[in-house]
Each structure stands twice: as structure tokens, then as C-alpha cells.
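As C-alpha cells, the structure follows; a few thoughts come after it.
Any read-out appearing in this document is the output of simple, stated calculations on the displayed coordinates, not a laboratory observation. Since the model is a prediction, treat every value here as computed from it, not as a measurement. Cβ: placed from backbone, ideal geometry, glycine included. Neighbour counts: every protein chain shown.
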Amino acid sequence: MKRYVFALIGSLALIAGAGCSKQEEALPSSTPIEVELKIEPQEVAVNEAATFTITVTQDGKAVDDAKEAEFEIWKEGQEQHETIPAVHQQDGVYTAQKAFSEPGTYNVMYHVTARDFHNMQKYSFSVKGPDGEADGSAAAGHADEPAAQPGSSAGHEHGGTHQHGSSETGEHHHGPSVDMHFQPADVIKANTAATLTVHLVQNNQPLTDAKVRFEYWLAGGDKHEFVDARETKAGEYTANSAIFPASGSYTVKVHVEKGDIHDHREYPVSVQ
């Protein structure tokens, strides 16, 4: 009888140990994702497709379950930005293609959201015309100041699941410019507290210790609401108490202040 009891206890201990082991294996990694950018060909020509490739890894392993991967592209000096979704290939690789009708200096910023981390970096590259010259001075593949070759970068953690790229409807700034990645809640309902988040980057580094405020108003309406955001992680600012009084199409303006920085961007938001 004692032998049976000891055997039963031993079996239960093994089962419990296996359960704990599986639970530990299931815990998400606290290591930020890393993203490596590649632009091909190295010399992009007018009217020829360029391929933008990002490789996403975590703990040295491929990340094939990114919730969002996209490229934000715009010509230097222009406010109009184009966002292109990246298509997952395999082994953590996501790609997109685009042809450019005008020579010049362009910027590309990738946005990757995966496993509660967000990673965004901006690089500049040149598109050459038929004469082999680009209407700009930046060399292909160099990053926004400070200059760097496309390579890997570590993301920072966040808790959201849905992203919007740079300003869709307007932008304005005084002093040094800031790159923004606005992230409203997936679903926003009228008269219910909603979460608004923005990631701020300057010179490819998180902008910390800034004063951030969200201003929002209904299309055609005169009343503007304001809510302050707090920095939850380096460069990530969140407000959890934004209340939209009615359903419809809203504009959310993100205000950022720090030292000489006075920047704001507008983004469209739909409220149910």
C-alpha cells in the first residue's frame, strides 16, 4: 500500500513538474524584437521596382507572427506619405515593392508590431533618373540623422495591436521634427473610455520626457476635447481616458512639446 502511495505521489510530482515546464515555455519572451532592413537594388532607378525587405527576429529566432509590418515612404521635403503593407514570406522576412516616377531623395520608415513590441526606424535613399543623377544629396540606404547603413534595430515594448502611420491629414512643427506612429484602440465606441497611444522617435531614437496631449473633435463639430498622455515606456505615450461623445468620423491631433520641439500631427479615427 505504501509503495502504491509513493508511486502515486511521484507520478503527480512528475505531472506537476511537466505542467510548470510547459507553462514556463509558454511565457512570452521579454527580449525586444530586432528588425533588419534591406533595399534592393542598391541603386534605385526611376520607374524600376525597388524591393524593401525587413527580417524580424527575437532571441535570434525568426518572427513569423507579426501583427503588423508596413513601410511608410515619402519624398524628402514633401508632407504626403504613402504606407505600403509588407507581405510575409518566410523565416521572419516581410517584403514590399514600389516604383518611383521621380528622381530624388526619399525616406522609408518601417513599422513592425509583434509580440507586444513595436519597432520603427527611418532611412533615406536616392532614386536616380535616366542620367544617373538623383535630385538630392543623400546616399542610397543611409539613415535619417545620424547617418547609418540599414541594419538591425531593437524594438520597444508596448501593449497595443493596431497601428497607423504618419499623418494622413496634416502636420505642422516648430523646431526639430519628430517621427510619430499613432495607435488608437482597435475598436472605439462612443461614450466609452478609449486608449490612444503614440510612439515618438527623433533621429531614430525614442523621444523621452516629452509633454504629449491628444486633441479630438467630430467632423463638422466645433467642440474640441483634450486628454493628456503619460509616458508608459521610452518614447511611448498613452492616454486611457479619451471619451468620444458620439459615433462618427473624428480627427485626433497629437501635440508634442519638449524644449524647442513644438510638433503636431492629425489622424482620422472612426468611432462606433
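Summary table
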quantity: At q = 0.11 Å⁻¹, base-10 log of I(q)/I(0) for the range 170-271 (Debye sum, equal scatterers on each alpha carbon); calculated: -0.31
quantity: Label-point separation in nm, GLN80 to ASN47, each point 7 Å along Cα→Cβ; calculated: 2.0 nm
quantity: Among HIS181, ALA234, SER247 - extreme Cα towards positive end, dipole of the range 170-271, charges at beta-carbon; calculated: SER247
quantity: Cut-off under 5 Å, modelled amide H: who pairs with THR192 long-range; calculated: PHE244
quantity: Simple label model, 7 Å out from Cα along Cβ direction - PHE226 to GLN272, nm; calculated: 3.1 nm
quantity: HN-Hα J in Hz across the range 189-196 - Karplus 6.51, -1.76, 1.60, θ = phi - 60°, x for Gly and Pro; calculated: 10, 4, 6, 10, 4, 10, 9, 10
quantity: Set LYS38/LYS75; LYS75/LYS128; LYS75/LYS233; LYS211/LYS233; LYS67/LYS98 screened for pairs whose C-alpha atoms are more than 20 Å apart; calculated: LYS75/LYS233; LYS67/LYS98
